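Here's the structure, in structure tokens; my notes come after.
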Amino acid sequence: MPDRPEFTIGIEEEYLIVDRETKNLVRKPDPGFMEACRERVGERVTNEYLQCQAEIGTRPNASMSRQRDELLELRTAVSEAAANFGYAPIASSTHPFARWREQTHTRKARYEGIRVDLGQTAQRLLICGMHNHIGIELPDLRIDLMNQATYFLPHLLALSCSSPFWEGDDTSLTSYRLSVFDAMPRTGMPDRLSSFGEYRRLVEQLTKSGCIEDSTKIWWDIRPSAKFPTIEQRITDVCSDLDDAISIASTYQSIVAFLFRLRSNNQSWRIYPPTLVNENRWRAQRYGTKGKLVDFGQGELVEFSDLTEELIDLISEDADELGCLEFVKGIRRIVKEGNSAERQRELYIRELQSGADKPTAQAKVVDHLIGEFLPS
């Protein structure tokens, strides 16, 4: 049995940049904006596919307290840089009313290739996500833990949802982002793999046949990272509230540690067929924390709030050992207060009921997202 990994974690977040006056997206931010971001935090902030986006990434370490400090540093840096240009960042996976046809993509060879290869499915990517990397040095261990962690991805999604609106419409979903992203190839739940060698052969077949250049074009909900010795979960929306993001990242870190503990005891989490896990994925995407997921052990739908308590009980020992138990318990607050999508929709409906028209209500949602970007 391999030695226990450190379970280092890195957090990546994608933000939308809005104009403080119009509340709409900034199609072509002043080049000085990104320069100002980099003056503050260096290469930890980068451009994204669309010019109205920015991406940040924390340095890997095992301490979730340090991750929170760094994430706050990065969010603050982007917010301060944006303010100098009359902009503001929001951490929402879709914008309440912006239109994808009005956006411009960043001029990089990789992004140009994606646009040419994927056509309109790529041009519609007016979406943002949060990715978490867990460091696992041994390749085969990476695959084994990834296979088992797939079961828990819908739970993480339900907690993170922040994309109820699309081009001015309430979609009735809590994560419309996935509906957009799933139009891309090589997305969704990963294949069940027996080893890292099998994964490598799969990638080699796709690259040798000319379908993709490398494994970065495999956009599964969870995957072995192409750049780092990590398991990268990619299913989650970006969280408008920083502490929501930390609670979800802590939960993912603790789930992977829990699965390793099972393996150390010659046990494993049951791996269910993708059709079943995808049913929960859809239910999380549609209903968020206010709905039910299937408990496949019981064979019945269970309130997400009850599943949250079961999950906390399951991983508490591992979260305590990692020093992030209090952060994990924060998912109770998300369930109680609602995820970002639920909070956005509640505000939107309240504004309409008070007599506001749709554009005014949508602008209020943007103001709300600006206000949630940094802790008060």
>> Take the residues in segment 75-86 that are touching a strand residue (DSSP E or B) at 6+ places or on another chain (Cβ under 7 Å) and crowded, with 23+ Cβ neighbours inside 10 Å; name whichever of them is farthest from Thr22 (Cα to Cα).
In response: Val78
> Looking at segment 146-160, is at least one residue over 22 Å from Glu279 (Cβ atoms), touching a helix residue (DSSP H, G or I) at 6+ places or on another chain (Cβ under 6 Å) and surrounded by 18 or more Cβ atoms within 10 Å (Cβ to Cβ)?
Replying inline: no
>> Quick check on segment 326-340. Is at least one of its residues under 30 Å from Ser63 (Cα atoms), in contact with a Ser or Thr (Cβ under 7 Å, 6 or more places away or on another chain) and among the hydroxyl-bearing types (Ser, Thr, Tyr)?
In response: yes
> In segment 30-72, what residues are over 19 Å from Ala249 (Cβ atoms), in a helix (DSSP H, G or I) and not aromatic (Phe, Trp, Tyr)?
Replying inline: Pro31, Gly32, Met34, Glu35, Ala36, Cys37, Arg38, Glu39, Arg40, Gly42, Glu43
>> With under 18 Å from the mean Cα position of the chain (by Cα), surrounded by 16 or more Cβ atoms within 10 Å (Cβ to Cβ) and of a type in the set (Gly, Ala, Ser) as the only criterion, which of Ser254, Ser215 stands out?
In response: Ser254
> How many residues does segment 314-373 hold that are free of Cβ contacts under 8 Å to residues at least 12 places away in the same chain, under 24 Å from Ile90 (Cα atoms) and of a type in the set (Ser, Thr, Tyr)?
Replying inline: 1
>> I'd like to verify a number: residues in segment 173-224 that are within 24 Å of Pro96 (Cα to Cα) and of a type in the set (Lys, Arg), how many?
In response: 1
> Quick check: anything in segment 97-111 farther than 30 Å from Glu21 by Cβ, of a type outside the set (Ser, Thr, Tyr), in contact with a Gly (Cβ under 9 Å, 6 or more places away or on another chain) and surrounded by 21 or more Cβ atoms within 10 Å (Cβ to Cβ)?
Replying inline: no
> Can you pull out the residues in segment 330-366 that are surrounded by fewer than 16 Cβ atoms within 10 Å (Cβ to Cβ) and under 24 Å from the mean Cα position of the chain (by Cα)?
Replying inline: Arg332, Arg333, Lys336, Glu337, Glu346
>> Please go through segment 1-16 and give me each residue that is charged (D, E, K, R), outside any strand (DSSP E or B) and in contact (Cβ under 8 Å) with a residue 60 or more places away in the chain, ordered by number.
In response: Arg4, Glu6
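Each value in this text was obtained by applying a stated rule to the coordinates, not by laboratory testing. Please read these numbers as outputs of a predicted model, since none were measured by experiment. With ideal geometry, Cβ positions are generated from the backbone for all residues, glycine too; neighbour counts draw on all protein chains shown.
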